[in-house]
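A short write-up of the structure that comes next.
A short reminder: the numbers here are calculations on the coordinates, not readings from a lab. The structure presented is a predicted model; accordingly, all values stated were derived computationally and were not measured. Here the Cβ positions follow ideal geometry from the backbone for every residue, glycine too, while neighbour counts run over all protein chains shown.
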Amino acid sequence: MVMVYRVLIAAGGEVAIRIARTLIENGFTPLGVYTHTDRDSLHRKYVVEDFEIHSYEDVDEVIYAAQQLGADGVHPGYGVLLNESEYAEKIIRSDLVFIGPPQSMVSVARDKIALKTYAEKIGIPTLPWLVVEKPEDVIEFAGEYGYPLILKPVAGKWGIGVRVVYSEGEVEDKYKYSKSIASKFFKDPRIYVEPFIISAKHVEVQVIGDREKVIHFYDRECLISPRFRRLFTEAPSPSLKSETRKIILDYAVQLARSLRYENTGVVEFLYDPRADKVYFVELNPGLSPEHSASEVILKRDIVKKQLEIAFYKVTGLKQEEISVDGCAIQSNIYAENPITGEKSNGRVEYYMEPGGPGVWVESELYEGLTSPPRELVAKIIAWSVDRKTCFARIKRALYEVVVGGLQTNIDYLRQLVNSSVFEFGEYNFGEVEKVDRLIASRLNEVEDLHAVVLSSLLEFDDKGAKKYVRRSKALSSILRGEKVSSLKRSAWHYYMALKTTLERHYSLPKKREKRR
């Protein structure tokens, strides 16, 4: 008789749906948890049974829910691993299988300075760094390495608390900010400084191990916003030559193997194309949102491998069996104000997913969903045998997707995908920051137009409002021929017309000459 394992997914939203699908396909029974704000979440429809808790990050609540539902194991989803230093250990002590890296791996990854020191000892290069205890330490470091510099919490993740320092006048304020965030969010006040290479590329390697053997799932490159959000991920990286790719992959496997790594994780690097140098950055244990891009080009299910390692203690793979097929580009959709980055709350009034050849979506959105508690609400992934077609597909998909009522970064992504930064693979902080400033100014202009239209509707009747907004050529081209009957309907109609036609009136300039 085959044992049917019951697995609790200790997360909500799109990642819970993603994990549940693999569980169902492989004969496991998916169980879930949800919070009060998540009671209407789509992920609840993908589990056989679920249990209400107060927080996904409260390990004691997760364990209690698992025991009440008769679970055999717990999958933590994304990110929880680094929030609770004993998360994995507590689950294992409760006679539950933890479907992720063991606590020893998490503890090592949590302390970035200890890991950098270890990497240096085994011959993997890192950038110069210094743990700083006062602003003067940063200034002294700048005396040797110059500006810009970057401040990071030692126990940080996902860009939280990270600040770029461009001059001595910014040091004190940014030092205080990073220090306070490190203490508040990570319970570890230590921060460190290192040089900030504006032209560097962020390349990461997905690794999988069973303590005895480690293999890589190749590389991917991330386009990261000035707020350190991962907006696009391309697999494999379009920037690496074969020699550099081999160096990065070898470094990743060397580090994971020397740690006797178990389960999956991401080894992150910076690649400086001007100096042709590679630097180790950090190790993020467990599943990451960007894993989907790697799965697409390798035709492998990473969550399935997590289950096999956790329950059966083997990877079942050899490195020579892993090969790249084509190109994948993933875009992350966040529920946020694209200018301020603040979390967006609202009701999804309508929702349409993109489709067609080589495009699919991992999403928690549906019409009627109110204020999802997570910022990352959907991922769009495109695949093709060549980058040109893959680029065209992700661009098409971003113009097809529609989310009404809930503010997202979709318009921002559309602007970015139309820029030379994306077309030519110029995924570095300096280039993205230039585009970011231009997009922010365009979006601010559009918000000003929204304000003009809505205030005029409040002050005048429909007819008067139409006459008022015709002073703007952009507005009149949108509103020409439209008929509306009530003040409320007019305001909503004009607002949505402006919002959904943003890309027509505020397109970014593109470089005509092709890069050599």
Taking the Cα centre of segment 128-195 as the origin, how large is its charge dipole in debye, to the nearest 20, when only Lys and Arg (+1) and Asp and Glu (-1) carry charge on their Cβ atoms?
-> 540
All other residues with a Cβ under 13 Å from the Cβ of E268 taken together, and with Lys, Arg as +1 and Asp, Glu as -1, what is their net charge?
-> +2
Starting with the fewest neighbours, write out W158, W383 ranked by other beta-carbon atoms found within 10 Å of each beta-carbon.
-> W158, W383
Among Y34, I9, L23 - extreme Cα towards positive end, dipole of segment 6-99, charges at beta-carbon = L23
Output the pairs from K201/K304; K116/K179; K152/K187; K277/K434; K152/K176; K201/K277 with a Cα-Cα distance over 18 Å in this structure; if there are none, say none.
-> K201/K304; K116/K179; K277/K434
Estimated dipole of segment 72-153 in Debye, rounded to 20 [Cβ of Lys and Arg +1, of Asp and Glu -1, Cα centre] | 180
